[in-house]
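What follows is a short report on a single structure.
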Amino acid sequence: MSQSREDLIHSLASSMGMGESQKAHISSSKYNVDTGVMYCNGHVINKNQIEQARIYFTTQYRKLAEKDDEGAKELSTMYEVAMEAITMMMGIDNGN
């Protein structure tokens with residue numbers, strides 16, 4: 001499961017324009033389920049910041065998904081991936 005999560009994160013990074021040369025400089029991220037803290041590239045991202053990001057991506061996804069524009073729909077898919085990746089990482093039951 002850890003590998004599929006990492007693949008999802010790298011896929012998201014790739015879709016957001018992160019090149020291979022940049023990826024080589026990035027260390028693996030770790031999420032501590034017990035504390036809700038993520039350690040990423042030398043940064044400590046607390047549970048509140050992660051939740052704010054999830055809410056942001058959810059809001060942006062909903063705004064763009066309603067638009068009748070192909071570009072907006074493609075961007076909404078990227079927001080949906082980010083939102084779902086955070087939800088999966090945090091182990092939140094999304095009702096599915």
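The values are calculated or read from the model by the stated rules, or taken from the named source; none is laboratory data. None of the values given here were measured: they were computed from a predicted structure. Neighbour counts run over all protein chains shown; Cβ positions are idealised from the backbone, glycine included.
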G71, sole failed condition from (1) assigned to a helix (DSSP H, G or I); (2) within 15 Å of the chain's Cα centre (by Cα): (2)
Pair list, Cβ < 6 Å and 6+ apart or interchain, from region 70-82 residues that are in contact (Cβ under 8 Å) with a residue 60 or more places away in the chain and closer than 15 Å to S14 by Cβ to residues that are surrounded by 13 or more Cβ atoms within 10 Å (Cβ to Cβ) and among the acidic types (D, E): none
Those residues of region 27-65 which are of a type in the set (V, I, T), part of a helix (DSSP H, G or I) and free of Cβ contacts under 8 Å to residues at least 40 places away in the same chain, in sequence order: I55, T58, T59
Hits in region 1-57 - residues which are at pLDDT 85 or above and β-branched (V, I, T): V33, T35, V37, V44, I45, I50, I55
Among the residues listed as E74, E70, the single one being loosely packed, with under 11 Cβ neighbours inside 10 Å and modelled with pLDDT of 90 or more: E70
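Taking R54 as the residue in question, decide whether it is under 16 Å from L8 (Cα atoms) and surrounded by 13 or more Cβ atoms within 10 Å (Cβ to Cβ). So that I can check it myself, show each step before the final result.
On the way: under 16 Å from L8 (Cα atoms): yes; surrounded by 13 or more Cβ atoms within 10 Å (Cβ to Cβ): yes.
Against the criterion (under 16 Å from L8 (Cα atoms) and surrounded by 13 or more Cβ atoms within 10 Å (Cβ to Cβ)), R54 qualifies.
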